[in-house]
Amino acid sequence: MKRFFILTLVLVTSIVFVGCDQSDPISVTVPDLDETGPSITADEVHTEFLTELYANQDFAKMNKSAQSHDATRAANDILARYGEAPMTEKQVADAIEEGRRMAKMDPEALIASILDADDLVWWHRFADEATAQNCRQIYTAHCRSYGAPVAGSTLDTMIGVAMSSGEFWGEYRKNDMPRYHNPYVPQQGEKGWRGFFRFVVAVAVDGGAGAASAAGGPIVSGVVGGLASTGADHIIFGGD
């Protein structure tokens, strides 16, 4: 398996441890998570983690040692809040570093390495249309037209964390321009870092890391996605 999956397996184990049928569009309703799903979702945890971590300072501008320390505290605060076992500072540092590495990858190849063929069709159809500004509306429309991802599945987790990522970074970095240009991403126009999800590096990193941790449950997925997110942000906006 790729190194990404090995790292994620180690993280999930240490902490505690399908595609939709498109033949009958509009026949599948969007599930009501209040009744059928978990009480907390990975994207909610992802947003909660990033909001707390960036509340008082720009995390991407900190040195790596300070990042590991602060991220460990924030991650373990969230994990403890929901009754999950804590992470060590090394596990946190490794997860952040993985986010840095993933931020330099082709975002399409990254997603393709995690989703199966059917789920990849759903993702691309959604990601070609969704932006940080309209992702929730587009998601609802696609669920009604093509059927919703299975609750708790890899695709479901990926899209949830990706939407959280797009919304958080679209607001937090709305006045900032990237200091790192991923060579696989169009440099200008609407398909830039705030454009279509397919080309948004942070979305691919966050969603991919969260999805690969889906077996650990929504709390773990949200935290692991958030840690990868901070690593990606460090590369894209921290400048080293």
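What number of residues within the range 213-240 satisfy the criterion of being farther than 19 Å from I114 by Cβ and modelled with pLDDT of 90 or more?
We begin by selecting, within the range 213-240, every residue farther than 19 Å from I114 by Cβ; these are 219, 230, 233-240.
Narrowing further to those that are modelled with pLDDT of 90 or more: 219, 230, 233-237.
Selection size over the range 213-240: 7.
Out of A132, A204, report the one residue that is open to solvent by less than 10 Å² (accessible area, probe 1.4 Å) and either assigned to a loop (DSSP other than H, G, I, E, B) or under 28 Å from E97 (Cβ atoms) (or both). I'd like the intermediate steps shown before the answer.
On the way: A132 fails: open to solvent by less than 10 Å² (accessible area, probe 1.4 Å).
Sole residue among the options that is open to solvent by less than 10 Å² (accessible area, probe 1.4 Å) and either assigned to a loop (DSSP other than H, G, I, E, B) or under 28 Å from E97 (Cβ atoms) (or both): A204.
I need a count of the residues in the range 114-147 that are polar (S, T, N, Q) and modelled with pLDDT of 95 or more. I'd like the intermediate steps shown before the answer.
In the first step, residues of the range 114-147 are kept if they are polar (S, T, N, Q); the result is 131, 133-134, 137, 140, 145.
Narrowing further to those that are modelled with pLDDT of 95 or more: 137, 140, 145.
The total comes to 3.
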In the range 99-129, how many are open to solvent by 10 Å² or more (accessible area, probe 1.4 Å) and within 28 Å of A74 (Cβ to Cβ)? 6
Report, by residue number, each residue of the range 59-82 that is surrounded by fewer than 15 Cβ atoms within 10 Å (Cβ to Cβ), at pLDDT 95 or above and either among the small types (G, A, S) or not in a helix (DSSP H, G or I) (or both). A80
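Taking P178, is it assigned to a loop (DSSP other than H, G, I, E, B), at pLDDT below 95 and buried (at least 16 other Cβ atoms within 10 Å of the Cβ)? Walk me through it before giving the result.
Working: assigned to a loop (DSSP other than H, G, I, E, B): yes; at pLDDT below 95: yes; buried (at least 16 other Cβ atoms within 10 Å of the Cβ): yes.
Taking the combined requirement at face value, the residue satisfies it.
Kindly indicate the residue of the range 147-175 that is among the hydroxyl-bearing types (S, T, Y) and surrounded by fewer than 20 Cβ atoms within 10 Å (Cβ to Cβ) and also nearest to I236 (Cα to Cα) among those meeting that condition. Give the derivation first.
Residues of the range 147-175 among the hydroxyl-bearing types (S, T, Y): 153-154, 157, 164-165, 172.
Cutting the leftovers down to surrounded by fewer than 20 Cβ atoms within 10 Å (Cβ to Cβ) gives us 153, 172.
Numbers: S153: 29, Y172: 13 Å.
The residue in question is Y172.
The values are calculated or read from the model by the stated rules, or taken from the named source; none is laboratory data. From a predicted model like this one, the values you see are computed outputs, not experimental measurements. Cβ atoms come from the backbone with ideal geometry, glycine included; neighbour counts cover every protein chain shown. Just so you know, the surface numbers come from the protein's heavy atoms only, side chains and all, with ligands and any DNA or RNA stripped out. Shrake-Rupley method; radii C 1.70, N 1.55, O 1.52, S 1.80 Å.
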